[in-house]
1. Restricting attention to region 107-117, does a residue exist that is in contact (Cβ under 8 Å) with a residue 60 or more places away in the chain, assigned to a helix (DSSP H, G or I), among the charged types (D, E, K, R) and surrounded by 17 or more Cβ atoms within 10 Å (Cβ to Cβ)?
2. Only one of LEU28, LEU40 is within 29 Å of GLU118 (Cβ to Cβ), at pLDDT below 65 and either among the hydroxyl-bearing types (Ser, Thr, Tyr) or not in a strand (DSSP E or B) (or both). Can you tell me which?
3. SER84: at pLDDT 90 or above and either surrounded by fewer than 16 Cβ atoms within 10 Å (Cβ to Cβ) or under 15 Å from the mean Cα position of the chain (by Cα) (or both), yes or no?
Amino acid sequence: MSKHKHYPVRIPRAAAGIRAQDPRAGGLRSWWARRWIETLERMGMGARFGRSKNYAASGQVVEMKIAGPHVSAIVVGSRADPYSVSVDFRLPDDAARSRIVERIRSEPMLVARLLVDELPMEIEQIFRQEHCDLFPGGKLGPGRYDMTTKCSCPDYANPCKHSGAVLLILGEEIAWRPSTLVELRGISMEELCGED
């Protein structure tokens, strides 16, 4: 008798959502897109990460909204009702946030590069000097990251494959519009441009 529990294979329902693009199309050429994927790979999702990639590629994420540090999404799985996924990013404290904004604003070329969809490495360094992570890799303790994911699915693992698919689609948004990374930390482009 086998000691391993076997689970039935579950095929997700067909969905016509947001489809992850082929990384060879150019999205992973940027250092920030590669860093995002490396960050996800370090989260220890194991085989779930492969299933997340399949979900992202097949369009299972049917809706995604980004509102500052909060991302909400709907993901179609194998059950009749889709799952609700949320991802929340930790914000720098008020003093650190003010210093980050001031330092980026003080170098107009940094803002200009963000506006043309480039991410200067100096911005990551500015965040790091304020003890904040631009990418969601900062650990707050054993198994805890500076972002939280929640999914309405019954999977005990966190992040689950549905959350992983949302993070992959979010990564594609970041690949093409890296200012999203700054916005996920609660700093808008309008604020950086002095339109606050």
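The values are calculated or read from the model by the stated rules, or taken from the named source; none is laboratory data. All figures in this text were calculated on a predicted structure; none of them were measured in a lab. Ideal geometry is used to build each Cβ from the backbone, glycine not excepted, and the neighbour counts take in all protein chains shown.
1. no
2. Just a single option satisfies the conditions, and that option is LEU28.
3. On the way: at pLDDT 90 or above: yes; either surrounded by fewer than 16 Cβ atoms within 10 Å (Cβ to Cβ) or under 15 Å from the mean Cα position of the chain (by Cα) (or both): yes.
So SER84 passes the test.
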